[in-house]
Structure formats: structure tokens, C-alpha cells
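First the structure, in the form of C-alpha cells, and then the observations on it.
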Amino acid sequence: MMRIPETIKHLFLVSLVVLAIGYILKIDLSNVIALHFPMNENFGFWQYITHLFMHGDFGHLLFNFFTIWFFGAPLAESWGTKKFLFFFFSAGVGAALIYTAVNYFQFYGIYDTLIQADLSKGEIISILEAGQTNDPRFVNNITQEQFNKIGGIFNLNAFGASGAAYGVMTAYIVYYPNSRINLLFPPISLVAKYYVVTLVAADLFLGILNRVEDNVGRFAHVGGALVGYIIASYWKKNQFNYRR
């Protein structure tokens, strides 16, 4: 049984404290901590970091940090605290930036249509905040599905360390590509690189599919995996393995 490196333990405890504060004090921290779309009034640049420490419930928190521990323990032991923390935040923030960029692209394709229909930015935001409208300039120029999409992007808040977790997984297969992963459900053994690549490919496919009802940050997962792969590959190639 691998021990839990102090770095991962501390990241977990910070996230646990954030979750406990919300439950104990019965307050919603999402408007401050979770990542919002840049046009939303609740958006703040600090959220690119703070969203990593907010989770929907204990199960969400446990799953993310089990993944970070399972794949990240050998990396944390090899890299040391500062290097692992740099990697964790780079993958997490990178995932969030890519997630925002994809949402921006999807949002503004519809937004521009509404601007061309003679709606002002303020009018569009007011309608998106309300979640409904009978304004003919709105209903006659975009479909209900497009309205749901742009409203979902505007009002959605993203949280959790899954982007960083995907970065850790891809870093693991850069260093240990042929190690085996023993799953409990189903009870099978898989080569690590095939397991991780399959997960990332599934998220990419579902992200491109772009279903309105899918509220999982697929491109945050893919973004975290991409950033993690780039950093880990660079470090491995340049033998950047000293402890700091």
C-alpha cells in the first residue's frame, strides 16, 4: 500500500476544510471560489486557483484525491514538494484556461448572433441571468437548444481538482507507461497508458458531442491531461528530476 505523500495530504486537507466550512456554516461558497464564465458578475481571476479546492460533496472530493494519490504518489516522491505543487497548479490552472477558452468559443458564436439581432450586451446578460425571455429578437434568432447552451455556459460554475487529476494521470504514464492498473469494477488489470488514454479520448469525444445536459467539464479534463503531458514530457526529456 503506497503511503500518502505529505504534499498530497495537505492539498486534500485544504479541500476538506473548504467543504466542511460550507456544510458547517451552511453557506454557499461557489460564487466566490468556483470558476465562473468571465462575463458573469461573479467571475474573479483568483477562481482559476480556488476552484481546485472546492468540491460538490465528499464523494467528489474523495474520488479526485484518490486519483491524485494513486497516480501522483510516485511522482510526488520523485519530484519533491515544490515541483509537485508547481505541476498540480499548472495542470489545474491550465485545464481551467482551456475550459474557459472552449466555452468562450461556444458562447460567442451564439452571442454574436444576438448582437446582430440588435440586442445590447446588457440586455443579453439580463436575459441569461433570468433564464427566460419572450423578446422576439432572442426567440426568433436562436433555437431553444442554443438558448440552453449559452445560458448554461454563462451561469455554470466549475469546481473540483479533476483537471489537475487528469494532469497527474498523464504525467504518470509519461514516466510509467507500461505499469498495470488493477480495477475493482470491473475486476480487471489494464496497462496504465491504455487506461488513461481511453479516459481522455472518451472525454474528448463527449466534449465534441457537446450535449446540453452534460454538465461535466470534459474539456477541463482534456486540458489538464494536455498540460500535464507537455510538462511531464519536457521534464523527462530534459532530466529535470532534482528535488527542490
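Before moving on, here are some points about what is shown:
- Yes/no for SER126 being surrounded by 19 or more Cβ atoms within 10 Å (Cβ to Cβ), at pLDDT 90 or above, out of contact with any Phe, Trp or Tyr (no Cβ under 8 Å at 6 or more places or on another chain) and of a type outside the set (Lys, Arg): no
- Only one of the numbered conditions (1) aliphatic (A, V, I, L, M); (2) closer than 30 Å to ASP57 by Cβ; (3) under 27 Å from the mean Cα position of the chain (by Cα) is violated by ILE188, and that is (3).
- Scanning the stretch 89-138 for residues that are more than 17 Å from LEU35 (Cα to Cα), touching a helix residue (DSSP H, G or I) at 6+ places or on another chain (Cβ under 8 Å) and hydrophobic (A, V, I, L, M, F, W, C) gives ILE110, LEU114, ILE115, ALA117, LEU119, ILE124, ILE125, ILE127, LEU128, PHE138.
- Count of the stretch 132-148 residues which are loosely packed, with under 12 Cβ neighbours inside 10 Å and either outside any loop (DSSP other than H, G, I, E, B) or under 26 Å from the mean Cα position of the chain (by Cα) (or both): 3
- Count - residues of the stretch 47-67 that are touching a Phe, Trp or Tyr at 6+ places or on another chain (Cβ under 8 Å) and not aromatic (Phe, Trp, Tyr): 7
- Hits in the stretch 102-116 - residues which are surrounded by fewer than 19 Cβ atoms within 10 Å (Cβ to Cβ) and either touching a Leu at 6+ places or on another chain (Cβ under 6 Å) or without any contact (Cβ under 8 Å) to a residue 40 or more places away in the chain (or both): PHE105, TYR108, GLY109, ASP112, THR113, ILE115, GLN116
Conditions tested, residue by residue: (1) touching a residue at least 60 places away in the same chain (Cβ under 8 Å); (2) among the small types (Gly, Ala, Ser); (3) closer than 30 Å to SER120 by Cα; (4) outside any helix (DSSP H, G or I).
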| residue | (1), (2), (3), (4) |
| --- | --- |
| ILE150 | no, no, yes, no |
| THR170 | yes, no, no, no |
| ILE231 | yes, no, no, no |
| TYR234 | no, no, no, no |
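- ALA201 passes every criterion in (1) assigned to a helix (DSSP H, G or I); (2) without any contact (Cβ under 8 Å) to a residue 60 or more places away in the chain; (3) surrounded by fewer than 17 Cβ atoms within 10 Å (Cβ to Cβ); (4) more than 18 Å from the chain's Cα centre (by Cα) apart from (4).
- Within the stretch 204-236, if we keep just the residues that are at pLDDT below 90 and among the polar types (S, T, N, Q), the residue that is surrounded by the fewest Cβ atoms within 10 Å (Cβ to Cβ) turns out to be ASN215.
- Of all residues in the stretch 28-42, those that are under 21 Å from LYS121 (Cβ atoms) have Cβ atoms under 7 Å from Cβ atoms of residues that are assigned to a strand (DSSP E or B) and at pLDDT 95 or above, 6 or more apart or on another chain, in ASN42/HIS36.
- Filter result for ALA96 (in contact with a strand residue (DSSP E or B) (Cβ under 6 Å, 6 or more places away or on another chain) and in contact (Cβ under 8 Å) with a residue 24 or more places away in the chain): yes
The values are calculated or read from the model by the stated rules, or taken from the named source; none is laboratory data. The structure presented is a predicted model; accordingly, all values stated were derived computationally and were not measured. Here Cβ is always computed from backbone atoms with ideal geometry, including for glycine, and neighbour counts include all displayed protein chains.
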